[in-house]
Every structure is written in C-alpha cells, then in structure tokens.
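The values are calculated or read from the model by the stated rules, or taken from the named source; none is laboratory data. Quick caveat: nothing in here was measured; it's all calculated off a predicted structure. Cβ placement follows ideal geometry from the backbone for every residue including glycine, while neighbour counts extend to all protein chains displayed.
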Amino acid sequence: MDQTIDGTGFCGKKTLISLKGISKKYLKNGRDIVAVKDCDLDIGENEFMVIVGPTGSGKSTLLKLIGGFETPTTGAITVGDSPVKGPGSDRGMIFQEYALLPWRSVLQNVELGLEFQYGKRAENKALAMEYIDMVGLSAAVNKHPVELSGGMKRRASLAMILVTKPKILLMDGPFNALDSKTKLTLHTEITRIWKHEHNTIIFVTSELDEAVKLSERIAVMNRDGRISKIFTNDLPRPRFGKAALEPQFHHRFIELREEVMNEVKAAAGKTVCDYGL
Ligand SMILES: Nc1ncnc2c1ncn2[C@@H]1O[C@H](COP(=O)(O)OP(=O)(O)OP(=O)(O)O)[C@@H](O)[C@H]1O
Ligand SMILES: [Mg+2]
C-alpha cells in the first residue's frame, strides 16, 4: 500500500486504518438511534489522531467499531489490507469504563495482557512492573481494583494495554478525571511511547487542551454522529516543558484551541457544558 492521506490537508503518511461510509444504528425502545453517520476517515501509520465532540456524538462508538467490538450497520473498516471483523491483538483498546478483573491485583491484571499475547513467561513480571512504574502505581501493585481510586484504575488499565505494545492504540478518555500532575506525566509518556514504538493512536477526549497538546490531527464529531471537521495540528514538538512557554508557541496553542472550540460549539448546539462553557 502506498496510498497517502488526502482530502484533509494531511499528507505523507501511509493509510493504516480506513473507514468508508461507516454508520452505526442502535435500536432502543423500538426507536433507531444513529450513533455514527456516514464517516469516511483515513488514519495514517504512526498518526496521533484525537477525536472530540459533544456527549453522545458517537466518539466511543467510532472507537469500538475500529476496535472490532461493534459491527457497522453500513460501510467497511480496514486495517492495512484486512477488513475488521472483530477485535485483534494489533488493536489495544482502553475503554471509557475500566476493564480490570476485580479478583486480580494490579500486577496480575497487567500481567494478564502479556499472558494473553505470549502465554506465561518468566519475563512477564519484570515487564509488567516496568509499565506499572511508568503509570506511577508502584506502591499499589498488590492492591485489587476495589481498593483503587478511579484515577488509579485508569492508570492500571493503561499499563495493562501499553505493556502489550499494540500497533494501534484506541484510547477512550484514558486520562479523564486524573489530577493535573499525573496527567502531565502521562501526556509526556504517551508522546514518548508513540514516538518510540511508532504506533498509531486514536484518542478520544473532552478536553481541548489535551487534544491540542497531543494530536497531529483533531476530528470533531457532531450531534448527528458525523465528523464535521478535521483540523491539522501544526504546533511544533516538543510541546511540554520550556518549549510550551515560548510566546509564539503559546499564541498558536491558544489560537488552535479556539478554532477547535468554535467547531465543537457549532457541533454541540446549545449543550456545551462538557467543554466548560
Ligand atoms: N449499546 C448501545 N445501545 C443503544 N444506544 C447506544 C449504545 N451505545 C451508544 N448508544 C447511543 O449512541 C449515541 C452515541 O454514543 P457514544 O457513547 O458513542 O457517544 P460519546 O460521544 O462517546 O459520548 P460521551 O462523550 O458521553 O462518552 C448516544 O446517543 C448513545 O446513547
Ligand atoms: Mg464516550
């Protein structure tokens, strides 16, 4: 495949994930609910794509469709040359809800991802510990999910997926409700992992600061379940530490966030409370 992404101002990367004419309808109380509508989207190899949009605009559904956890009502999704027919080890999904097994400790949960992929191996424990440390949970390795705060559960889920190094990472609000220090650490870490592992990340968030800090492109979904606009993020990297304090960087950061915010406002209609408006 030597196809490049076009039509959205983003060129130069080979298409890895392709959505063509994707719609998803649910039947609820005898009524059709259109969660995702007519989505055409190409995502490049090693791209960092962020999806924003008001609540109920279909962000989680879109991610689940790419993950193969839901089947589209119309259209087709391919990864590389293969149609998505269900979940696969090439796609690691971090759900909006936590996905930890309650009877296993943090360490055992993180080891589980490795066991699924490689079976029981002597090195699994050390590798799991490395990722638990990375998400700042070393002090809680032997705790069970019921003993963890919401933020800790999120970090444990993150370690559980990252440790398996999937080619594609589907992340649904992975850093929601974390304190700002942990969030900054994880923003830096996810950017480092993305650069180092060359994986493709599709990341859903309701925080526009986060979207602008992390993304290469930002897709805005609207209340109809459509992608209303895709922004190319031209902010230089690194985007953390001193670089982010440069006046020129800061100016463009604010400007881009404003542009995305205006699109989200238009996409949301009147209900924009998610975005602090
Ligand atoms: N399994 C389901 N059965 C019926 N309706 C569903 C189901 N999953 C999602 N929906 C509906 O589809 C629409 C899109 O839901 P989705 O969870 O994808 O939105 P979202 O953008 O992720 O919202 P949020 O920002 O609140 O997480 C909503 O109207 C939702 O109620
Ligand atoms: Mg959601």
- Item | Enumeration of residues in the stretch 34-50 that are within 12 Å of ligand 1 (Cβ to nearest atom) and either out of contact with any Gly (no Cβ under 9 Å at 6 or more places or on another chain) or not hydrophobic (A, V, I, L, M, F, W, C) (or both) | Lys37
- Message: Restricting to the stretch 224-267, give me the number of residues that are in contact with a Gly (Cβ under 6 Å, 6 or more places away or on another chain) and either more than 17 Å from Pro54 (Cβ to Cβ) or of a type in the set (Lys, Arg) (or both).
- Response: 1
- Query: Quick one: which of Gly44, Gly9 is more than 16 Å from ligand 2 (Cβ to nearest atom), at pLDDT below 90 and touching a strand residue (DSSP E or B) at 6+ places or on another chain (Cβ under 8 Å)?
  - Reply: Gly9
- For residues that are over 13 Å from Ala219 (Cβ atoms), out of contact with any helix residue (DSSP H, G or I) (no Cβ under 9 Å at 6 or more places or on another chain) and not hydroxyl-bearing (Ser, Thr, Tyr), tally how many sit in the stretch 13-43. 16
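Yes/no matrix, rows are residues, columns are (1) of a type in the set (Lys, Arg); (2) within 15 Å of ligand 2 (Cβ to nearest atom); (3) buried (at least 22 other Cβ atoms within 10 Å of the Cβ); (4) in contact (Cβ under 8 Å) with a residue 40 or more places away in the chain:
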position: Val36; (1), (2), (3), (4): no, yes, yes, yes
position: Cys39; (1), (2), (3), (4): no, no, yes, yes
position: Ile51; (1), (2), (3), (4): no, yes, yes, yes
position: Thr55; (1), (2), (3), (4): no, yes, no, yes
- Task: Output the number of residues of the stretch 57-78 satisfying the condition of being within 7 Å of ligand 1 (Cβ to nearest atom) and over 15 Å from Asp224 (Cβ atoms).
- Result: 1
- List every residue pair whose Cβ atoms lie under 6 Å apart, where the two residues are 6 or more positions apart in sequence or sit on different chains, the first residue falls within the stretch 69-97 and is within 20 Å of Pro174 (Cα to Cα) and in contact (Cβ under 8 Å) with a residue 24 or more places away in the chain, and the second residue, located anywhere, is basic (Lys, Arg) and away from ligand 2 (no atom under 16 Å from the Cβ). Asp90/Lys167
- Item | Matching residues in the stretch 134-193 - criterion: being within 16 Å of ligand 1 (Cβ to nearest atom) and part of a strand (DSSP E or B) | Leu170, Met171, Asp172
- Message: Quick test of your reading of the structure: Pro87 fulfils all but one of (1) of a type outside the set (Ser, Thr, Tyr); (2) in a loop (DSSP other than H, G, I, E, B); (3) within 14 Å of ligand 2 (Cβ to nearest atom). Name the failing condition by number.
- Response: (3)
